[in-house]
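The numbers here are math on the coordinates, done by the rules we state, and not lab data. Predicted model, so just to flag it, every value in this text is computed and none were measured. FYI the Cβ positions are ideal-geometry reconstructions off the backbone, even for glycines, and counts take in every protein chain you see.
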Amino acid sequence: MNEHFEPTQEVPQPASPAGAQTDSPAKAAGNKARDEEIPFVTVGAPGAGETANITADLSALDANAALNEEIARLRQQLTEREDAWLRARAEAENARRRAQEDLAKASKFAIEKFAGELLAVKDSLEAALASEKQSAADLRSGVELTLKQLVTAFEKAALKEINPVGEKFDPNLHQAIQVAPSDLAPDTVAQVLQKGYLIAERVLRPAMVLVSKGPADGKPASGQ
């Protein structure tokens, strides 16, 4: 076999432009080293972890905004309730003051109506005393009329008479002055020495009474 070798041809290098300077070997080596020191950073899409962090931060911001809104709402409610409490307190104070004034007036003028009824009784008594020429019968009639006026005044003032003759002795209404034998059953009011009075179901004065302890000779008491 005959081997044929072609002569190797050198590839001509392009000539440097006129006036261009060619870097020295040392400078070229320095530029190469500098290029190798500067890293090339590639910016890509965020990863799953970064996306989760961003989402968490946004959620925290939304939660803070909602919390601030809730705080503002609660503060508004607190202000409204404080105002309502202050108004209620002022109204209660006004009501208490009015009640005290009404009570003072009631205490001061409670007897006014009753006193007005007694004026007629006084007028009748003065008229009876002013008349010098009247018989005993006329005087008695005038006194009876005056007594009726007084009883009417008592009734209008809810003043009731306690006259418990023959009733069972009641220590809440009666005051025993003496216990004596009588034909009545024991613990029965045998005699009223002084009438008592109730005002609006409250004892104004207890009746002073004599209480029976039963017959002296042991005979059955009347009513048994």
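Worth a mention:
- In terms of Cα atoms, the Rg and Dmax of the stretch 159-224 work out to 12.5, 42 Å.
- Extended-chain gain in nm, criterion 0.36 nm per residue less alpha-carbon gap, T152 and L173: 5.3 nm
- When each of K148/K195; K122/K148; K148/K168; K105/K160 is checked by Cα-Cα distance, pairs over 18 Å: K148/K168; K105/K160
- Computed over the stretch 159-224, relative contact order equals 40 percent, with contacts defined as Cα pairs under 8 Å that lie 6+ residues apart.
- Exposure proxy ranking for S212, S131, based on other Cβ atoms within 10 angstrom of each Cβ and starting from the fewest, stands as S131, S212.
- Label sites at A95 and R140, each approximated as a point 7 angstrom past Cα along Cα to Cβ, lie 6.1 nm apart.
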